[in-house]
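Notes to accompany the following structure.
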Amino acid sequence: MIDERRLISVLQKGLPLITHPYAAIASEINSTEDEVINYIQLMQEKGDIKRFGLVVRHRKLGYKSNAMVVWDIPEKSVDALGQCFGQFDFVTLSYRRPRNLPDWPYNLFCMIHGQDRDDVKKNLSLMIKSCQVEGVNHELLFSTRCFKQRGAIYIHCHEDENKSERVEL
Amino acid sequence: MNLHEHDKKIINQLQGGFPICENPWKELEKTLEIPADEIISRIKKMKSEGVISRFGPMYHAEKMGGGLTLAAMKVDKERYDEVTEIVNSFSEVAHNYEREHELSMWFVIATELPQQVQQVIDKIEQKTGINVYNMPKLQEFFLGLKFEI
């Protein structure tokens, strides 16, 4: 029997870049290549694994600026607007989240990208115009620093927290 | 950053998925028309350069039985470093971003069990004396995937 917890934790570190990666993982967890392959396929079918592949850093590819834009949208319009915002190339995340009233009225969160801050703002204007949300209460939150786990290393922000983002080159 | 044509092909293909079979590189070799060795070495290079941040599975935390949330706090400039240290000392805190807003500290909490999210929040509030805004994802909207460069 395959030790699922160990497989999940070993895979979390990333797939080894060698000819037979699944065989290497199998030997690490005292399993067989077949078992590892079958189990990963099963996790993918069940949706436990959202995606199996690679994640790129926008920043390295020229998208140097990004921001979180949050909106205060009436519940009945959230579906339509969440989808409307999601259609733009520069939007990599569109989530409904709970409001924290009274001082946080926002319930729809998008991550948007651009070459620089002005470009991000331009993209936001485009969203507002195209989805006809002029007058809707919103805020744009640029990130300035980010700290990674382990030692609070001080690094530039990549906003790659969303592991299911994709970028087309 | 200038990427080789092959690097772009590899990224575009592998963002969508990676073959799960005995020799996945041989399969990719056919799809991409790039030799297997070259694919491996290009991914290694892009990883070391930081173009690729991860190569492997993206788990669905909630489906896997875990807890996941986005949290935020109002942290004054004077206390920012101290509070960062406290928040980052929790192994459940995955990423921590400073944003230009009164709610200045934003971080992701990922736990093994859903009920542990609230426990971590309680502990952070106790240790910092600052209210934590808990904003778990309620719904995810489909995204168009094209990102022209």
Candidate residues B:LYS26, A:LYS13, B:LYS74: accessible-area rank, largest first, probe 1.4 Å: A:LYS13, B:LYS26, B:LYS74
Alpha carbon convex hull of the protein assembly as shown, projected area averaged over orientations, nm²: 16.9
Nearest-10 value in Å² for the accessible area of B:THR111, using the 1.4 Å probe: 20
Anisotropy class of the stretch A:4-46 from Cα gyration tensor, a/c 1.5 cut: rounded
Stokes-Einstein diffusion coefficient of the stretch B:5-49, Kirkwood radius over Cα pairs, 25 °C, 0.890 mPa s, in µm²/s: 232
Solvent-accessible ranking of B:ARG99, A:ARG5, B:ARG79, largest area first, probe 1.4 Å: A:ARG5, B:ARG79, B:ARG99
Anisotropy class of the stretch A:1-82 from Cα gyration tensor, a/c 1.5 cut: oblate
The stretch A:59-155 - share of DSSP beta bridges that are antiparallel (%, nearest 5): 100
Proximal lysines to A:LYS76, defined as alpha-carbon separation beneath 22 angstrom and excluding residues fewer than eight positions away on the same chain: A:LYS129, B:LYS137
Positive-end extreme of charge dipole, the protein assembly as shown - chosen from A:HIS20, A:MET43, A:ILE73 (charges on Cβ): A:ILE73
Pairwise FRET efficiency - A:GLN44 versus B:GLU29, Cβ, R0 = 22 Å, nearest 0.05: 0.50
Heavy-atom accessible area ranking, 1.4 Å probe, most first, across B:SER48, A:SER65: B:SER48, A:SER65
Distance cut-off 24 Å, percentage of C-alpha pairs in the stretch A:1-146 lying past it: 52
Inter-part distance where the stretch A:28-66 and the stretch B:51-88 are each reduced to a Cα centre, Å: 19
D (Stokes-Einstein, µm²/s), Kirkwood Cα radius, chain B, 1.567 mPa s at 4 °C: 70
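The values are calculated or read from the model by the stated rules, or taken from the named source; none is laboratory data. Quick caveat: nothing in here was measured; it's all calculated off a predicted structure. Positions of Cβ are generated from backbone atoms using ideal geometry, with glycine treated the same way; all protein chains shown enter the neighbour counts. The protein model used for the area step is the full one, side chains on, heavy atoms only, and it has no ligands, DNA or RNA in it. Shrake-Rupley method; radii C 1.70, N 1.55, O 1.52, S 1.80 Å.
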